[in-house]
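Undergrad: Dropping a structure here in structure tokens format, bear with me for questions.
The values are calculated or read from the model by the stated rules, or taken from the named source; none is laboratory data. Bear in mind that the values here come from a model prediction, so they are computed numbers and not experimental data. Cβ placement follows ideal geometry from the backbone for every residue including glycine, while neighbour counts extend to all protein chains displayed. Each accessible area value is taken on the protein alone, full model and side chains, heavy atoms only, with ligands, DNA and RNA left out. Shrake-Rupley method; radii C 1.70, N 1.55, O 1.52, S 1.80 Å.
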Amino acid sequence: MKIALIGYGKMGKMIEQIARDRGHQIVSIIDIDNQQDFDSPEFASADVAIEFTAPQAAYGNYLKAWAKGVKVVSGSTGWMKEYGDDVRRACSDEGKTLFWASNFSIGVAIFSAVNRYLANIMNQFPQYDVEMEETHHVHKLDHPSGTAITLADEIVERIDRKEAWAEDTTDPKLLRVDHIRRGEVPGIHTIRYDSDADLITISHDAHSRKGFALGAVLAAEYTLNHQGLLTISDMFKF
């Protein structure tokens, strides 16, 4: 498969290595200083572009890739509120393809399945309050993380006593989501169900970015033969 990379930071370089190890060809690498390469024949030859950039750049990158007929796999977060409807319309009505996930880690996909299952159970036990905490490296700009938002939405959908999620809240009707930024932490997500009697905790702690990068390449392999708006639940049937 021919892959283009959009964003060439630590994640982009790790994706490049894993993609090559899996026998794929990197035909174009686009970063801040060579945006003109979106118009190159090399980029247009790609089967899929893997995009990891900043929230303010992501949607524009999708449009540039789609204009060249290139499918996109993206792990960029922070754009959904402003551009989510436009992306959904492009994928449903205009034949574009975007595989988007807040987190491509296989472990996080499993963790998310456990989160949904546990939330369904805990809906029956109102004596437990639930809260979430996410920790990431100091370079991460958005908060809470896209993964935390996805996990929080899954909880709110399943627990009737929570109407929505919010940061820095003491409202019992809201799921509290806290964020911490320190060091070079790849990502920790912890969900706690606390009662007077006991505490139940589930947590995912990433050791490195390798799991995210591998998941992104697996998503590209999946996207090659699928179209529309895709996500982890399409690729992994838990």
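Undergrad: Under 13 Å from a point 7 Å along the Cα-to-Cβ line of Asn120: which residues of the range 167-209 have their amide N that close?
TA: none
Undergrad: Using +1 at the C-beta of Lys and Arg and -1 at the C-beta of Asp and Glu, which of Ala148, Leu199, Val185 has the Cα lying farthest in the positive direction of the dipole of the range 148-215?
TA: Value computed over the given set: Val185.
Undergrad: Which of rounded, prolate, oblate describes the range 34-124, given a ≥ b ≥ c as roots of the alpha-carbon gyration tensor eigenvalues and a/c under 1.5 marking rounded, otherwise prolate only if a/b is larger than b/c?
TA: Cα axes put the range 34-124 in the prolate bin.
Undergrad: Using only the Cα atoms of the chain, what do you get for the radius of gyration and for Dmax, in Å?
TA: 18.6, 63
Undergrad: Ignoring ligands, DNA and RNA, what percent of the accessible area of the range 1-87 is carbon or sulfur (1.4 Å)?
TA: Exposed carbon and sulfur together represent 49 percent of the surface.
Undergrad: For the chain, what does the accessible surface come to per residue with a 1.4 Å probe? Please give it in Å².
TA: On a per-residue basis, 49 Å².
Undergrad: So how tilted is helix 106-122 from the main axis of the chain? Cα-based, degrees 0 to 90, rounded to 10.
TA: Between helix and principal axis, roughly 30 degrees.
Undergrad: Please compute the modelled spin-label separation between Lys140 and Arg161, points set 7 Å along Cα→Cβ, answer in nm with one decimal.
TA: Here the modelled spin labels are 2.8 nm apart.
Undergrad: Can you give the charge dipole size of the range 1-155 about its Cα centre, rounded to the nearest 20 debye, using +1 on the beta carbon of Lys and Arg and -1 on the beta carbon of Asp and Glu?
TA: 440
Undergrad: Put +1 on the Cβ of every Lys and Arg and -1 on every Asp and Glu Cβ in the range 1-133; which of Gly107, Thr97, Met1 then has its Cα farthest towards the positive end of the dipole?
TA: Farthest towards the positive end: Met1.
Undergrad: Sticking with this one: Of the candidates Asp31, Asp196, Asp39, which one comes out as most mobile in a Gaussian network treatment of the chain with C-alpha springs shorter than 10 Å?
TA: The residue with the greatest mean-square fluctuation here is Asp196.
Undergrad: Per residue of the chain, what 222 nm ellipticity follows from adding -39500 (n - 2.57) for every DSSP H run with n ≥ 4, rounded to the nearest 500?
TA: After summing the helix terms and dividing by the residues of the chain, the value is -11500 deg cm²/dmol.
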